[in-house]
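Comments concern the structure below.
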Amino acid sequence: VRGTGNKRVESLRIADIFRARVVDSTIESFVFEMTGSSAKLNAFINLMQPLGLVDVSRTGVVAIARGPEAL
């Protein structure tokens, strides 16, 4: 998400609401990481578009087993 001033502040506010994690930050941009349902991700994307969304990369469903057993 590229933006400065109020757009930057608003993008951080929305990211906090959606529990997105900032994985990279510059003076003019942020890279966010988040997980959740497709509906949640789509809502986040829709809110970020007017704030300067540049690119989206979605990995799809990913699973990691917990404990000693393999999947």
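Note: relative contact order over the chain, using C-alpha pairs below 8 Å and six or more positions apart, is 35 percent.
So how do 3-15, 47-59 stack up, highest first, on mean other-Cβ count within 10 Å? Don't skip to the answer; put the middle values down first.
Numbers: 3-15: 15.4, 47-59: 12.5.
Listed from highest to lowest mean packing, they are 3-15, 47-59.
Helix 38-48 axis versus longest C-alpha principal axis of the chain: approximately 20°, rounded to the nearest ten.
Applying D = kT/(6 pi eta Rh) to the stretch 1-48, where Rh is the Kirkwood radius over alpha-carbon pairs, T corresponds to 25 °C and eta to 0.890 mPa s, the Stokes-Einstein value obtained is 226 µm²/s.
About its Cα centre, the chain has a charge dipole of approximately 160 debye under the convention of +1 per Lys or Arg Cβ and -1 per Asp or Glu Cβ, with nothing else charged.
Could you provide, to the nearest whole Å², the per residue accessible area of the chain with probe 1.4 Å?
Working: 5590 Å² over 71 residues.
Value returned for the chain: 79 Å² of accessible area per residue.
Considering only protein heavy atoms and a 1.4 Å probe, what is the carbon-and-sulfur percentage of the accessible area of the stretch 4-71? After summing per-atom areas, the C and S share lands at 54 percent. Report, to the nearest 10°, how far helix 6-17 tilts away from the longest principal axis of the Cα atoms in the chain, using its own Cα long axis and a range of 0 to 90°. Rounded to the nearest ten degrees, it is 20.
The values are calculated or read from the model by the stated rules, or taken from the named source; none is laboratory data. These numbers come from a predicted model, not from an experiment. Glycine also receives a Cβ, built like all others from the backbone with ideal geometry; neighbour counts cover every protein chain displayed. Just the protein is used for accessible areas: all its heavy atoms, side chains included, with ligands, DNA and RNA removed. Shrake-Rupley method; radii C 1.70, N 1.55, O 1.52, S 1.80 Å.
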